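> Got a structure for you, questions after.
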Amino acid sequence: MGIKIDNLTGGYGQISVLKNVTFDVKDGEIVGLIGLNGAGKSTTINHIIGNLIPFSGSIKLNNISLEDKPALYKRQIAYIPEMPIFYDELTLKETLELTMLAYNLNRDNTWIKAHKLLKKFRLDNKLNWYPSDFSKGMQQKVMIVNAMITDAKVLIIDEPFIGLDPLAVNDFLELIKEKKEKGVSILMSTHVLSNAEKYCDRFVFMNKGKVIIEGDLKEIRNYASCENKSLNDIYLSLVGNNND
Ligand code: ATP
């Protein structure tokens, strides 16, 4: 089950960006969404989280579509955006409480989880602060804690590493691994291909709104005839050939 995208064509208003995008993310799998600036990664994510409506094709999360059951569809998703987003008038404590309400989570149990995560990210003494006053990295950490306290079966992460210190990157990657072990389907868009190579089970390479190749590292190496090359080198050779 997990995420299933079939022949998705979509974009903004009348502007078509994605063309027949098809891929899936199974339960307990981390898939890396890889592509140059403007390739269509965020647009794909915007479609999955329901911010954009497909022109054609379909998106299902554990067999549920947005049209059929919008509330259930959205409650399955935890989303860590590229740019942190907050309600300016809510403190960190209230921000997390709002997430607990929105996802119908048990407050006591979830606060136990939240306190551990806040301590890990050195935010445990900031509960009464407003996240809008935090540094970019601290804001990104709030987004991570917010997503990690949910029981969402689908985790969507858009370029998570920018702004995080190396310790936080490490902690974050370990948290993603824990979610994977619990069977969560994880789609992660990133330009940091060394992390993608280490942590993702499969990769979807996009270029100009299309999927140009997908598979695990071995399949991608075979496709690109690049034995033993890193994901970064394979990617450079593939986009070089597809970028005319
Ligand atoms: P990056 O790595 O820079 O984040 P990306 O792969 O996420 O890039 P998208 O943001 O999906 O790329 O952009 C894909 C295309 O959609 C680009 O041509 C971009 O100009 C266009 N686009 C993005 N946002 C909008 C918008 N709000 N309205 C119209 N076109 C948009």
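> Determine whether region 78-89 contains at least one residue that is open to solvent by 30 Å² or more (accessible area, probe 1.4 Å), free of Cβ contacts under 8 Å to residues at least 40 places away in the same chain, over 17 Å from Val154 (Cα atoms) and among the aromatic types (Phe, Trp, Tyr).
yes
> Further question: Out of all the residues in region 21-34, is one or more touching a Lys or Arg at 6+ places or on another chain (Cβ under 8 Å), over 28 Å from Tyr199 (Cβ atoms) and within 15 Å of the ligand (Cβ to nearest atom)?
no
> Within region 41-72, take every residue that is polar (S, T, N, Q) and without any contact (Cβ under 8 Å) to a residue 24 or more places away in the chain and give me the one that is farthest from the ligand (Cβ to nearest atom).
Let us first name the residues in region 41-72 that are polar (S, T, N, Q), namely 42-44, 46, 51, 56, 58, 62-63, 65.
Narrowing further to those that are without any contact (Cβ under 8 Å) to a residue 24 or more places away in the chain: 46, 51, 65.
Numbers: Asn46: 7, Asn51: 10, Ser65: 21 Å.
Taking the candidates together, the pick is Ser65.
> Being of a type in the set (S, T, N, Q), within 16 Å of the ligand (Cβ to nearest atom) and buried (at least 18 other Cβ atoms within 10 Å of the Cβ): is that true of Thr190 here?
Numbers: of a type in the set (S, T, N, Q): yes; within 16 Å of the ligand (Cβ to nearest atom): yes; buried (at least 18 other Cβ atoms within 10 Å of the Cβ): yes.
So Thr190 passes the test.
> List pairs: first in region 19-34 and free of Cβ contacts under 8 Å to residues at least 40 places away in the same chain, second among the hydroxyl-bearing types (Ser, Thr, Tyr), Cβ under 9 Å, 6+ apart or cross-chain?
Taking only residues 6 or more apart or on different chains, the pairs are Asp24/Ser185.
> For region 131-177, how many residues are without any contact (Cβ under 8 Å) to a residue 40 or more places away in the chain, within 16 Å of the ligand (Cβ to nearest atom) and of a type outside the set (A, V, I, L, M, F, W, C)?
Residues in region 131-177 being without any contact (Cβ under 8 Å) to a residue 40 or more places away in the chain, within 16 Å of the ligand (Cβ to nearest atom) and of a type outside the set (A, V, I, L, M, F, W, C): 1 in total.
> Now, a different point. When you go through Asp133, Asp108, Asp201, Asp124 one by one, which is the residue that is surrounded by fewer than 19 Cβ atoms within 10 Å (Cβ to Cβ) and within 21 Å of Glu29 (Cβ to Cβ)?
Values: Asp133 fails: within 21 Å of Glu29 (Cβ to Cβ); Asp108 fails: within 21 Å of Glu29 (Cβ to Cβ); Asp124 fails: within 21 Å of Glu29 (Cβ to Cβ).
Checking each option against the conditions leaves just Asp201.
> Are any residues in region 204-234 open to solvent by less than 30 Å² (accessible area, probe 1.4 Å) and more than 13 Å from the ligand (Cβ to nearest atom), and if so, which ones?
First pass over region 204-234, keeping only residues open to solvent by less than 30 Å² (accessible area, probe 1.4 Å): 204-207, 209, 213, 215, 220, 224, 226, 231, 234.
Passing the criteria: Ile213, Gly215, Ile220, Ala224, Cys226, Leu231, Ile234.
> Kindly indicate the residue of region 204-230 that is among the aliphatic types (A, V, I, L, M) and modelled with pLDDT of 90 or more and also farthest from the chain's Cα centre (by Cα) among those meeting that condition.
By that ranking, first place goes to Ile220.
> Give me the residue from region 1-20 that is open to solvent by less than 60 Å² (accessible area, probe 1.4 Å) and within 20 Å of Cys200 (Cα to Cα) and, out of that set, farthest from the ligand (Cβ to nearest atom).
Taking the candidates together, the pick is Gly2.
> Still on this structure: Within region 159-171, can you find the residues that are surrounded by fewer than 22 Cβ atoms within 10 Å (Cβ to Cβ) and touching a helix residue (DSSP H, G or I) at 6+ places or on another chain (Cβ under 7 Å)?
Within region 159-171, Phe161, Gly163, Leu164, Asp165, Ala168, Asp171 qualify.
The values are calculated or read from the model by the stated rules, or taken from the named source; none is laboratory data. Keep in mind that this is a model prediction, so the values were computed, not measured. Positions of Cβ are generated from backbone atoms using ideal geometry, with glycine treated the same way; all protein chains shown enter the neighbour counts. Keep in mind that these areas ignore ligands, DNA and RNA; they rest on the heavy atoms of the full protein, side chains included. Shrake-Rupley method; radii C 1.70, N 1.55, O 1.52, S 1.80 Å.
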